[in-house]
Amino acid sequence: MVPRYRLKYIKKDTARYLSHRELMTTLQRAMKRASFPLTYTRGHHPRPKLSYGPPLGVGVAGLSEYMDLELDGEISTQEYLQLLNDQLPPGIIAQDLVKLDPGEMGLGKFINCACYRIELDSAIFSSISTISWEQLFIKLEEEHPSFKEGLLKWCVDPAEGYLEVLMRVGQEGVSVRTLLEALNKGIGTTVLLPTLVTRTALFHLEKGLITDPLIKNTHLLGEK
């Protein structure tokens, strides 16, 4: 059986402006230079057997991104992790590499929710109270039916200047752009301009339990 591995990596700083396609190309080229024994599809245009987590929007950073890869033989994960980092450009950092168990669910089926941190201008927090935020999100759920299922949890930290949201991804999900546009409309101003949007985590959510794609520790939705 062909061994499968899962890579966890960071995309930040100037690298957050890479498109998903550019990111894919960058990672593939780095793996080739690092001599990863990649396996390829058959046909006239063979491609490495790689699969990625949900795409990040251009300008969005990611602190816990994932990709799966099929290799032509087993490798030393720590050795190849270092080899890969030696070939990656600034802003992309390989954090961990683990071998998957046979039959383990792929990323496309496993990941179904994501946590985002949205940094906001301080003027937003000085003009909107915590109660007003609660009323705003209630209104958004009433006006946008998809938010009721797609927006799982949110919290505001005025001291740190950010809004954090846990959302579904995929067909039942809500895009960050849609959320920001709805917030802009709900607040009735164009001041809501985030200086940085960061996807801080990706998870699998089922029956109220959240599972990490790499270490497989599970906790209840709402627990830290």
Below 18 Å, Cα to Cα, which aspartates and glutamates can K49 reach? Residues fewer than 8 away in the same chain don't count. E22, E65, D68, E70, D72, E74, D101, E104
Which residue, P3, P54, P213, has the largest displacement toward the positive end of the dipole of the chain when charges sit on each Cβ (Lys, Arg +1; Asp, Glu -1)? P3
Please list, in order along segment 95-105, the HN-Hα scalar couplings obtained from phi with the Karplus expression 6.51 cos²θ - 1.76 cosθ + 1.60 (θ = phi - 60°), rounded to whole Hz, x for Gly and Pro. 9, 7, 9, 10, 7, 8, 6, x, x, 5, 4
Length released on extending from E79 to V58, taking residue separation times 0.36 nm less the Cα-Cα span: 4.5 nm
Just from its helices, what would the mean residue ellipticity at 222 nm be for the chain, if runs of 4 or more DSSP H residues each count -39500 (n - 2.57) and the sum is divided by every residue, rounded to the nearest 500 deg cm²/dmol? -8500 deg cm²/dmol
Share of Cα-Cα pairs in segment 54-95 lying beyond 17 Å, as whole percent: 44 percent
Report, in cubic angstrom per residue, the convex hull volume of the C-alpha atoms of the chain. 144 Å³
For each of M24, M31, M1, count neighbouring Cβ atoms within 10 Å of the residue's Cβ, then give the residues from fewest to most. M1, M24, M31
Give me the distance between the Cα centres of segment 145-171 and segment 1-69, rounded to whole Å. 27 Å
Name the residues whose placed amide hydrogens come within less than 5 Å of the amide hydrogen of L152, ignoring near sequence neighbours (fewer than 5 apart) on the same chain. L166, M167, R168
Can you list residues whose amide H is under 5 Å from D96's amide H, if they're 5+ apart or on another chain and H is modeled 1.01 Å from N? K8
Any chance you could get the radius of gyration and Dmax over the Cα atoms of segment 4-106, in Å? 13.2, 37
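FYI, it's all coordinate maths here, none of it is from the lab. Predicted, not measured: the structure shown is a model, and the values here were computed from it. As a convention, Cβ positions derive from the backbone with ideal geometry for all residues, glycine included, and neighbour counts pool all protein chains shown.
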